[in-house]
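In what follows, a structure is listed as structure tokens, so that the remarks can point back to it.
The values are calculated or read from the model by the stated rules, or taken from the named source; none is laboratory data. Remember, it's a predicted structure, so these values are computed and weren't measured experimentally. Every residue, glycine as well, gets a Cβ built from its backbone with ideal geometry; the counts of neighbours run over all protein chains shown. These accessible areas exclude ligands, DNA and RNA; they are computed on the full protein's heavy atoms, side chains included. Shrake-Rupley method; radii C 1.70, N 1.55, O 1.52, S 1.80 Å.
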Amino acid sequence: MVKFLLQRLIAVLMSFLACFIIGLVTYFTIPVSLLPDIAIPEITIQVSGANTSARELENTVVKPIRQQLMQVGHLQDIQSETRDGAGIIRLSFDFGTNTDLAFIEVNEKIDAAMNSLPRSIQRPRVIKASATDIPVFCLNLTLKGDEAYQQMNENDFLELCVFAETVIKRRIEQLPEVAMVDMTGILRQQILIMPDVNQLQVTGITISELEEVLSANNVEFASMKVRDGYYEYNIKFSTLLRTLEDVRNIYIRKNDRIFQLKDLADVSFAPVKESGVSLSQGKRVVTLAVIKQADENMDKMKEELLKVTGYFASVYPDIDFYITRNQTELLDYTISNLKQNLSLAFIFIFIVAILFLGDVKSPAVIALTMIASIVITFVFFYLFKISLNIISLSGLILALGMMIDSAIIVTENISQYRSAGYSLEESCDRGTTEVITPMLSSTFTTIAVFVPLVFMSGIAGAIFYDQAFAVTTGLVVSYFTGIMLLPVLYKLFYSIPPSKSKWLNFTFNNPVKDHTLDRFYDSGVDFVFRHKKVHFCLLSYLFLYAYSFSILFLKAGCRKLTRMN
């Protein structure tokens, strides 16, 4: 096979160049995140019941929902907790369960249980968690020129809250890179009706009659279908109160007289009682926590969001937009640090190869092979939907030191055949073919160490899956590039005449390798075999010492655990 490839240099180079270009393209499209996308096998159901005791909420709401949820598939454990006004149900599933399907099934069971729940109870909220649900950053909105929190204009801030919820939030959630936007610090408004006591006494209308009129005018009826020949129309009736004018124009009949609510009461907007505020730089703000889609690139999302906020800042100059708690800075620093470590490791490996191989051509061949291996590895990252995160990049750095071993073995073996008097092409053929099987067994034994990480259970196994994948893929790709691309590059580089490229033909004798390491190794081996009994006793003593120390350490640990229990 190697001889076949050596006779087709252009075809091999073009094939690997195509793979290299595809790897570069996929590198810029691979999602970048801080951690792998791990679906946590837990779903939480939040139940709210205002002015309801814990016992009543447990018997009328939590218990019927819990009975329905016990039928959910792959359910491992269910726990519930109820207190006055609120309840929580936690569902734990077997790891590996598709949480998206489980989320749909849980909502179906809750919808089935709604028929047996009191009408005053709102539909429970279902929440599923993921490792990527951490907000990327928080976007703060505040009015320019506002004073401190105590001197804030409440009506202006109410308008800002409505604008942020109805416009800004929806526009950001329309971005393909954004999964959802969670708002905090908003001030909600309600309609405040202040009856005129004198008017009510004159007209004879009571407060209870006002409540009945409001309830009767705020009803949403069911829809009906009307068929006209071949056509069918869906008609829906609704009398919901949406604006202040709708409330003010409500008609009330009393003693054959008709009144409007605005004649009997003062209707206006008022803020809802606050349960919390969001402050930044001494001002009250509306905070939008932006959560990224798991399979999207963070840099692209940040760029698109800056475009949106820049547009709104130009259209609405009275609103100040600024970002806080920016997680992208931590991610950029972490990823860039790992990339820098990867580059430095590659440079150091190249320098060490030059020192010990004694020329520039062999390290250049090894360097090009390693670059091609790493870039081609990104193609498999894209195909298997592995993101660039701290786990996968650390696995790639770990694999880099192992990947270069195959290239050095092939290069050194080809050089030995050349020094034995074989031609360049025959040396590449014999030197590569001779180590194909040993390199394959070495690659498989190294991969076998990381394979158990794939089968680890729980979230730890899901996290280290990316590391095991990076190491395995990197070693396999480097093996094929070592036996297919490296001999072709070796033949190509060593076919260049010395007159055309002087720096590539630069060689030197390595004094460390030729005079120090070889001499130290030979003398060390001779010394050990001349004193075999002494070294055997020394090694036996070290083994017994290490064994006894480990036994004492285990006993101390067992005693500590016993005292804790």
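General observations
- Ranked order, Phe520, Phe348 - accessible area, probe 1.4 Å, largest first: Phe520, Phe348
- Along each principal axis, Cα extent of the range 347-481, largest first, Å: 57, 28, 24
- In order along the range 282-293, the phi-based Karplus estimate (6.51 cos²θ - 1.76 cosθ + 1.60, θ = phi - 60°) of 3J(HN,Hα) comes to x, 10, 7, 10, 9, 9, 10, 7, 9, 10, 7, 5 Hz; Gly and Pro are listed as x.
- Accessible-area rank, largest first, for Ser427, Ser120, Ser415: Ser120, Ser415, Ser427, with all protein chains present and a 1.4 angstrom probe.
- Surface share of carbon and sulfur [accessible, 1.4 angstrom probe, percent] for the range 348-487: 71 percent
- Largest to smallest accessible area among Met1, Met439 [probe 1.4 Å]: Met1, Met439
- Å² per residue, accessible surface of the range 375-414 at 1.4 Å: 35 Å²
- Most to least packed among 258-270, 389-401, 537-549 [average Cβ atoms within 10 Å]: 389-401, 258-270, 537-549
- Kirkwood radius, the range 247-328, all distinct C-alpha pairs, inverse of mean reciprocal distance: 17.9 Å.
- Per residue, in Å², the accessible surface of the range 61-119 once ligands and nucleic acids are set aside, probe 1.4 Å: 58 Å²
- Scaled to the globular estimate 2.2 N^0.38 Å, the Cα spread of the range 164-234, given as radius of gyration, is 2.01.
- Remark: the range 6-98 is approximated by an ellipsoid whose semi-axes, taken from the C-alpha gyration tensor as √(5λ), come to 56, 15, 8 Å, largest first.
- In a fully extended conformation the segment linking Glu108 and Arg123 would gain 4.2 nm over its present Cα-Cα distance, using 0.36 nm per residue.
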